[in-house]
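J.: Quick one: this structure, given as structure tokens, is what I'll be asking you about.
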Amino acid sequence: MDMDCEFCRIVAGDERAHVLYENDETIAILDENPAVTGHSLVLPRSHDDDVLTSTDSTTTDVFRTARLVATGLEEALGPVGFSVFHTTGSLVGTVDHAHVHLLPRFEDDDVSLSLGRETLPDREGTELASKIRTALEEQS
């Protein structure tokens with residue numbers, strides 16, 4: 001726990017949040033600055049910087065809770081779909097506690113998660129895929 005972290009204080013019960021679900025490993029809350037109705041956050045109880053580089057069990061627990069909460073949001077709000085994302089690093093946010101965003105999507109929402117796109121040249125794709133496979137083999 002890092003008591004300088006807002007999310008750690010929520011996990012500890014020292015800071016108010018609208019809790020949707022919690023278990024021994026995770027907690028899901030409504031975002032206090034929602035992009036849409038039902039915008040939720042799933043946090044590991046442990047203070048980790050990044051869901052994807054946490055322990056296997058933490059990553060699994062967070063995404064298992066995300067799936068469960070999405071099911072509840074689906075029943076409660078009837079969205080037409082979801083945007084689910086995780087961001088990390090100083091360029092994308094101010095909270096250092098790992099979390100996943102769940103955004104129920106509606107026909108009239110203002111959410112824009114558009115990405116600039118380019119065509120991947122075949123040679124570049126082949127080289128990049130090889131480099132990534134090598135990195136993955138080194139992890140195994």
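J.: Would you be able to say whether some residue in segment 60-69 is touching a Phe, Trp or Tyr at 6+ places or on another chain (Cβ under 9 Å), in contact (Cβ under 8 Å) with a residue 40 or more places away in the chain and not in a helix (DSSP H, G or I)?
T.: Within segment 60-69 (the criterion being touching a Phe, Trp or Tyr at 6+ places or on another chain (Cβ under 9 Å), in contact (Cβ under 8 Å) with a residue 40 or more places away in the chain and not in a helix (DSSP H, G or I)), the answer is no, since none of the residues qualifies.
Results for (1) without any contact (Cβ under 8 Å) to a residue 60 or more places away in the chain; (2) in a helix (DSSP H, G or I); (3) over 16 Å from V100 (Cβ atoms); (4) open to solvent by less than 60 Å² (accessible area, probe 1.4 Å), shown as yes or no for each residue.
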position: C8; (1), (2), (3), (4): no, yes, yes, yes
position: Y21; (1), (2), (3), (4): yes, no, no, no
position: I29; (1), (2), (3), (4): yes, no, no, yes
position: A35; (1), (2), (3), (4): no, no, no, no
position: L43; (1), (2), (3), (4): yes, no, no, yes
position: D48; (1), (2), (3), (4): yes, no, no, yes
position: L52; (1), (2), (3), (4): yes, yes, no, no
position: T58; (1), (2), (3), (4): yes, yes, no, yes
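Residue-wise test of (1) in contact (Cβ under 8 Å) with a residue 40 or more places away in the chain; (2) at negative phi; (3) surrounded by 10 or more Cβ atoms within 10 Å (Cβ to Cβ).
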{"site": "H97", "(1), (2), (3)": "yes, yes, yes"}
{"site": "P104", "(1), (2), (3)": "yes, yes, yes"}
{"site": "D108", "(1), (2), (3)": "no, yes, no"}
{"site": "V111", "(1), (2), (3)": "yes, yes, yes"}
{"site": "L115", "(1), (2), (3)": "no, yes, no"}
{"site": "E118", "(1), (2), (3)": "no, yes, no"}
{"site": "D122", "(1), (2), (3)": "no, yes, no"}
{"site": "T126", "(1), (2), (3)": "no, yes, yes"}
{"site": "I132", "(1), (2), (3)": "no, yes, yes"}
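The values are calculated or read from the model by the stated rules, or taken from the named source; none is laboratory data. The model shown is predicted, which means the values in this text are computed figures rather than measured ones. Glycine gets a Cβ as well: all are built from the backbone with ideal geometry, and neighbour counts include every protein chain shown. For accessibility, only protein heavy atoms count, side chains too; no ligands or nucleic acids. Shrake-Rupley method; radii C 1.70, N 1.55, O 1.52, S 1.80 Å.
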